[in-house]
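See structure below.
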Amino acid sequence: MKSIRRGQHLITIMLLVFLLMFGVLIYRLQTKAAFYISHSSDMSLGKVYDRRGDVLFDPKATAGTYGADYFIDVGNLIGDDSRQMTNTLVSQNRERLANFSFMLGEQTDGQASVCTTLDHTVNRRVYDRFGWKNGCAVAYNYVTGEIYVCFSKPSVNILDHYENIDSLEDGSLLCKVFYPTVPGSTQKIATTLAALEHMGYETLMEKSYSCIGGYQNLGGEVIKCHKDAGHGIQDINEAFANSCNPWFAQLVEDPGWKLSDIEETYHSMGYNINNEDTPQTIDVDGISAFTASTNLTDKTDFNTQWGCMGQGTTLVSPLQLMVWQSAIANQTGVATMPHLIDHTVSVSGKAGAKATTAYGQHRMFSPENAAHMREIMRYNGINRYADLLPGSVVAVKSGTAQIGKDKTENSLLTGFVDDPDFPVAFCIVIENRVSGEVTTSQIAATMLQELKTALDN
Amino acid sequence: MLKNGLRYGSAISLLLLTHLSMLGIVLVRGNYETPMDLVWLAVAVLGFDLVGIIAASIYRQMTYTLDLMLLAILNMSLIFQSCFGGVDFFSNGLKHLITSAAAMIACELGFLLTRNHEWIRMQKKYIYIVIGILILAILTLTGGRSMWITFKGFSIQPSEFIKPCFVLVCAASIVELHKKIKILFFYVSKDTLCLCAATLVIFGLQWWCRDLGSLPTFAAIFGCALVCRLCYPRAKINKTAIAAMCVGGVLLAMIAWMLAPSYVQDRLHADIWADQYGKGYQQCQALIGIARGGWLGVGPGNGKLAGVFAHESDIVFCTICEEWGLLYAGLTVVIILIMLTTVLMNPPKSYYHATMSAGVVAAFIAQMALNIFGSCDMIPFTGVTLPFISEGGSSMVTCGFLVGMLKAGQSPLFHHEVPRRKKKPQEKPPVRRRADA
């Protein structure tokens, strides 16, 4: 009988293991059902709102209820439920928007919704300020991480239901804020930070190089300045404000530091150098923003120096340029991570927890050098961009990026408002800008002034 | 004294109540075009119940629980299958009714063949021959590396029939285990050696036919047999040896994992959601279906999984969850588990029946786990059938036969005169007239 009992024990063990696994299955279904149903093509989704309750996405929206181009500024950021665009807020948060519970099943009149930090009114005004020009703009609170403004032109009108998809301009279906672009001279922020980290503030302030309109580097190639007559002898403050390429080429070549020093700071800021690292992304509530990359080979090499000035193969997303500003503005060297979702509401109407501020995983540069960088950028802002936001100092760096073989130029401006009551960092890109057209500083002025008014109210 | 849990009348009332409540759900929430669709289904279900109850009364054994539970689960299965994608008994359920009837007959056959442990033990060489014939049939009649024999639109899967035969060769008596020979440093019984050889051949066949989905079921049956053989009285197997064998088993599994063909590797490492409309289509749709159904389901015939390939077999658990809800799908699983726990209620009286019952339970548990947890992405998806529920004649007949074997362990026959005993009465230990344990 003992051996028969052993057989019984064996059967009991098998049954218990199966029951245990079945229990795990029920738990998984209970907790992950919303995720499963979010992959269904015919799931009833809730709405997305901006910070004031304006609707940014409504699955039942029509031109009659909202206006023909009501969603145009957020078309490729918030997206829709058609799955034509995948890197959008709706596509990446279907689980949170699903009007569904495992207990009650699908609820077509459910109250699931996502409330964002975006200000639709300001967003639309800045979008319209671009006029016929294309580009993108993003602004966020560098203390809390709330994104206030984020759009990309050309955009897509989701109320057209992609019937005109063949005639849409290139780039309409993606928000360029999250995709890499040539940063131009805004890259000089990263290069200056590298110099501060490895040369020290006093040494850098003592550096002065001459610009006569061009500089023949140690490799024998000439780095030209945008000012043919040259800037003369400058220190870092002047060279940064003048965005002087020959000065920065001489800084890169300076015997006081090594290429590995530049690489180290770039690495800590999130650059993928020479494709040696696995490409990373910054997560913004499910939306992936691509991180920076560049190629550095030799301090005396033209392309390396060109890359340190934000040209050639150097690529940074506008979002990342903006995020770096938080580490400078806060004088911590740690990035404040941006977020779009303020809170969610469940299918039963219960509000979820409010989003909390998240920070970068590591310190990119020292707080002291963040403070020094802030002063350099403030110097530029006070002397050249004083009228961006009357009554406040806006620390900025502009850039002009040469794109493609025809060398068309994108205009960039990134910076932050140095005001604890209005802590906003931003980045603006205007594509193919030529003289006489709307400038990045004009758009920045509109954005900051509108935003200040909106937030004060 | 044998236990049945419920009185015969109460058990029949519960059985009828279950089916009537299900038909009521179909009436209220079901998707049917005309009331006649429902009438035909009701006639089939209640008719099958009536025939089953009468048959169970005629062939009533010391334990009737298994008979009635088998009838309950087969008719539940008939209702499920008839409702997938819309209530239509003649299109969806008629074939299933026929295979269910075949399963009932197979159950009785399995019971009659195996209830006398001494007789069935002596037929082991013939069982090996049957396995050999089935393997030959697979190799010669399936037309390539397949498990299916198709003849004039009618398909059978001989590998399913190997399962009960394999359980029977895995079952052993203590007498067989005591007859040991020394190989190298080990004393092994001849029966165990034959079993190992047969296992290797079956595993090789599964590998050759690329039907690795059934392999874990055979492995579970063999594993059970091995444990029973290691732990029989006076086996003199110490804990170190058992631990070493466990480590060896794990190593073998790891090697098999690494050497598995590319299509198996794909399934082992698949992220179904990354390929929702490709290789992960079936499972993704299955999980979406379960979520859509929730606890109470969308109603019989209202599910969308009915349009997905193998909704009535490989992902049938999910199809039931979608249409009937997790509550009913769970009830189905519970009924099958109760069938298996009857072995614990009425323990076998012989060591042979104990090992046979363990093998049967292992086969059912493994197959249920592979189907349910595989389709729900908890383990690799293998595409095996869910016992009693999935459509498929071979599977239904095999499951019926296995339940018959389970029943045999609980209603054994001890006083049957075995011809071989008459010839050699001196070899028969007196105690084995009741049980050899």
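Each row is one residue, and each column tells you yes or no for (1) without any contact (Cβ under 8 Å) to a residue 40 or more places away in the chain; (2) part of a helix (DSSP H, G or I); (3) out of contact with any Pro (no Cβ under 8 Å at 6 or more places or on another chain).
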| site | (1), (2), (3) |
| --- | --- |
| B:Leu139 | no, yes, yes |
| B:Ile181 | yes, no, yes |
| B:Thr192 | yes, yes, yes |
| B:Gly204 | yes, yes, yes |
| B:Trp207 | yes, yes, yes |
Original post:
Restricted to region A:338-369, and to residues that are in contact with a helix residue (DSSP H, G or I) (Cβ under 7 Å, 6 or more places away or on another chain) and of a type in the set (A, V, I, L, M, F, W, C), which residue is farthest from A:Asn93 (Cα to Cα)?
Top reply: A:Phe365
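Being among the hydrophobic types (A, V, I, L, M, F, W, C) and away from chain B (no Cβ under 14 Å) is the filter; apply it to region A:39-56 and report the residue that is surrounded by the most Cβ atoms within 10 Å (Cβ to Cβ).
Our first condition is that a residue be among the hydrophobic types (A, V, I, L, M, F, W, C); within region A:39-56, this holds for A:43, A:45, A:48, A:55-56.
From what's left, away from chain B (no Cβ under 14 Å): A:45, A:48, A:55-56.
Numbers: A:Leu45: 24, A:Val48: 27, A:Val55: 17, A:Leu56: 25.
Step by step, filter region A:39-56, then rank; the result is A:Val48.
When the residues of region B:342-357 are narrowed to those that are more than 16 Å from B:Gly404 (Cβ to Cβ) and buried (at least 24 other Cβ atoms within 10 Å of the Cβ), which ends up nearest to the other protein chains (Cβ to nearest Cβ)?
Taking region B:342-357 and keeping what is more than 16 Å from B:Gly404 (Cβ to Cβ), we get B:344-345, B:347, B:349-351, B:354-355.
Retained after the next criterion (residues that are buried (at least 24 other Cβ atoms within 10 Å of the Cβ)): B:350-351, B:354-355.
Values: B:Ser350: 8, B:Tyr351: 5, B:Ala354: 4, B:Thr355: 6 Å.
The selected residue is B:Ala354.
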Original post:
Quick one: which of B:Met254, B:Met258, B:Met339 is more than 22 Å from A:Tyr27 (Cα to Cα), in contact (Cβ under 8 Å) with a residue 12 or more places away in the chain and more than 10 Å from chain A (Cβ to nearest Cβ)?
Top reply: B:Met339
Original post:
Out of curiosity, is B:His117 within 30 Å of B:Cys196 (Cα to Cα), in contact (Cβ under 8 Å) with a residue 60 or more places away in the chain and surrounded by 22 or more Cβ atoms within 10 Å (Cβ to Cβ)?
Top reply: yes
Subject >> Test: A:Arg374 is over 18 Å from the mean Cα position of the chain (by Cα), modelled with pLDDT of 95 or more and among the basic types (Lys, Arg) >> reply: yes
**OP:** Test A:Glu197 against the stated conditions and say whether it is without any contact (Cβ under 8 Å) to a residue 24 or more places away in the chain and part of a helix (DSSP H, G or I).
**Re:** no
Original post:
So is A:Trp324 modelled with pLDDT of 95 or more, of a type in the set (A, V, I, L, M, F, W, C) and in contact with a helix residue (DSSP H, G or I) (Cβ under 7 Å, 6 or more places away or on another chain) or not?
Top reply: yes
**OP:** Hey, could you check region A:82-101 for residues that are assigned to a loop (DSSP other than H, G, I, E, B), of a type outside the set (Gly, Ala, Ser) and touching a Phe, Trp or Tyr at 6+ places or on another chain (Cβ under 7 Å) and say which is nearest to A:Arg125 (Cα to Cα)?
**Re:** A:Asn87
**OP:** Hey, can you tell me all the residues within region A:416-445 that are part of a helix (DSSP H, G or I), in contact (Cβ under 8 Å) with a residue 60 or more places away in the chain and within 26 Å of A:Ala327 (Cβ to Cβ)?
**Re:** A:Ile443
**OP:** Can you work out which of the residues in region A:287-306 that are of a type outside the set (S, T, N, Q) and outside any helix (DSSP H, G or I) is farthest from A:Pro246 (Cα to Cα)?
**Re:** A:Ile287
**OP:** Give the residues of region A:154-186 that are closer than 30 Å to A:Gly75 by Cβ and assigned to a helix (DSSP H, G or I), sorted by residue number.
**Re:** A:Ile158, A:Leu159, A:Asp160, A:Ile165, A:Asp166, A:Ser167, A:Lys176, A:Val177, A:Phe178, A:Gly184, A:Thr186
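Out of B:Ser146, B:Ser100, I need the residue that is in contact (Cβ under 8 Å) with a residue 12 or more places away in the chain and not in a helix (DSSP H, G or I). Which one?
The conditions single out B:Ser146.
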Subject >> Lone qualifier among B:Gly409, B:Gly404 - being over 18 Å from B:Phe218 (Cβ atoms), within 14 Å of chain A (Cβ to nearest Cβ) and surrounded by 24 or more Cβ atoms within 10 Å (Cβ to Cβ) >> reply: B:Gly409
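So, A:Arg83, is that one within 23 Å of the chain's Cα centre (by Cα), surrounded by fewer than 22 Cβ atoms within 10 Å (Cβ to Cβ), within 14 Å of another protein chain (Cβ to nearest Cβ) and at pLDDT below 90 or not? Can you show your working first?
Details: within 23 Å of the chain's Cα centre (by Cα): yes; surrounded by fewer than 22 Cβ atoms within 10 Å (Cβ to Cβ): yes; within 14 Å of another protein chain (Cβ to nearest Cβ): yes; at pLDDT below 90: yes.
Here the answer is yes, as A:Arg83 does meet what is asked.
The values are calculated or read from the model by the stated rules, or taken from the named source; none is laboratory data. As the structure is a prediction and not an experimental result, all values here were calculated from the model. Methodologically, a virtual Cβ is constructed for each residue, glycine included, from the backbone with ideal geometry; neighbour enumeration extends over all protein chains shown.
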